Structure formats: structure tokens, C-alpha cells
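See below for the structure under consideration.
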Amino acid sequence: MAKVDSLQRVRRDSIAVVEKKLQEKIRLDSLAAIVKSKPVWGERMTVAGDFDGDGIQDTLIEQYISRLTGKETNKDYDFGDSELGEGCCDWLDYKQKWIAEKDPLVRLVSKNPNIKPFDVEWGGAQNGFDYLKNVGDLNGDGTDEIAYYIYDVDFSNLNSCALVTYKNGKWKEVHHWNIHESDFYYNEKGEKPNPVYFKKKNGKIYCREMADDWGGYVWKRLNTNW
């Protein structure tokens, strides 16, 4: 019996040694990726629509600005295969730190000089827009609304969307709701979903929001008196 216990102990110790070596390799690979990392400019989103009600199509353009320099900057960093690995995630800590140090500002600017710039989000470890969409004129006042969410560099799948409109010469948030970022994950075909968050029924507008228990989605009546 003692011999069996001894063999089992040796086996467990051997497995532990292998696992430790594997974790150390993952860590070294991750640190090597940090050293070799390269800045990635990243996509700048645009959205078109009639946002001021003059009957002419406008275009809003995303800017991703470092508030330290006052200039546009890179959104991301390329850490190679380390981002696809498991276990050690030193690269993510560095990505968060480097992005936060820029004190990033996400801004929308229009080619129409009559539409003022919109400072959407600033500070933190965020990569700008992951979703930006013209959702139409929801309240019938002749101007289009936009919906968006800002991608945060973290492990969380929880985030939130905002609905904004241009009213009386300034941008105004009129609704806010919680989402799962997985709504936008690329599928096996490399296609990015385009979830529908608003629908009209019997003359009323409804928004697809997370249920109170965070377990799914429900359609809730949207107050369009803004």
C-alpha cells in the first residue's frame, strides 16, 4: 500500500512540475510579446444621417485623441499570438495601462460646420466605438438619432449602449441601457453581428434591453418625449 501511495505522489509531483514549466513558458511568451508589441492605429467609425433636421445628409467621423498631446493616437497594440493564448495575460495589463496613460478622448465631428463636435467618452482603458449606428428618427421630430457603445479593454462581457440626439444646437443623451459585448462578437464566417435594439409597434417605440436578472433580453417601451 505504501508503495502505491509513493508512486501516486511521484506522479502528482511530476504533473505539478510539468504544469509549472508550462505556466512559466506562457509567462515568458507573454512578456516577450510585450517587448515586441507594436502600436495599432485602429479603425475610425463613421455614421451618416440627417442629424440637425435640415434635410441634408451629414457624416459624423470618429476621432480617438490623446488628451496628453491633443492629437489623434493609436487605439490598440499588437501582442501577436500572446493574445490568443491561455493562462498568463500580462499583455492585457500592459494594454490597459498604456491606453489609460494616453487619457483617451472619443469625439465625433461632422463635415457640417453647423453641427458641433460631440465629446463622447474620455479617460480609462477604452478603445473607442465598437458600435455606432444611425437608428433613424425615433420620435418623429425630423432628426435622426444615433446609438453607440464604447469598447472597454477588460475581461468583462458587460457594457452599455447610449442613444443620443442633436437638439437645440447640442448633443443630448436620451436613453441608456445594458448589453452583453458578445452581441457583437464575430461569428465563424468572420462576420460581425448587427443587433436590432429598436422596433416600432402600434406607433410606439421599444428598446431591447437586458432583463433585470441579467439573464436575457426584454423589449421595454421607450419614452420618446425628448
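For residue 133, the requirement of being touching a residue at least 40 places away in the same chain (Cβ under 8 Å), under 30 Å from residue 97 (Cα atoms) and either exposed (fewer than 13 other Cβ atoms within 10 Å of the Cβ) or among the basic types (Lys, Arg) (or both) is met.
Considering only the range 187-222, how many residues are in a strand (DSSP E or B) and surrounded by 10 or more Cβ atoms within 10 Å (Cβ to Cβ)? The qualifying residues number 15. Looking at (1) in contact (Cβ under 8 Å) with a residue 60 or more places away in the chain; (2) in a strand (DSSP E or B), find the lone condition where residue 225 falls short. All conditions are met except number (2).
With respect to the conditions (1) under 18 Å from residue 61 (Cβ atoms); (2) surrounded by fewer than 17 Cβ atoms within 10 Å (Cβ to Cβ); (3) small (Gly, Ala, Ser), residue 123 lacks only one, and its number is (1).
Exactly one residue out of 179, 146 is buried (at least 18 other Cβ atoms within 10 Å of the Cβ) and touching a Cys at 6+ places or on another chain (Cβ under 8 Å), and it is 179. In the range 197-222, the residues that are under 18 Å from residue 149 (Cα atoms) reach residues that are small (Gly, Ala, Ser) with C-beta atoms within less than 8 angstrom, at least six apart or across chains, in these pairs: 197/147; 198/136; 198/147; 210/216; 217/211.
Could you go through the range 176-185 and let me know if any residue there is in contact with a Pro (Cβ under 7 Å, 6 or more places away or on another chain) and touching a residue at least 40 places away in the same chain (Cβ under 8 Å). Within the range 176-185, one or more residues are in contact with a Pro (Cβ under 7 Å, 6 or more places away or on another chain) and touching a residue at least 40 places away in the same chain (Cβ under 8 Å). The set of residues in the range 138-168 being closer than 16 Å to residue 59 by Cα and touching a residue at least 40 places away in the same chain (Cβ under 8 Å) consists of 143, 144, 146, 147, 164, 165, 166.
We did not get these values from a lab; they are worked out from the coordinates using the rules stated. Everything numeric in this text was worked out from a predicted model, so none of it was measured. Note that each Cβ is placed from the backbone with ideal geometry, even for glycine, and that neighbours are counted across all protein chains shown.
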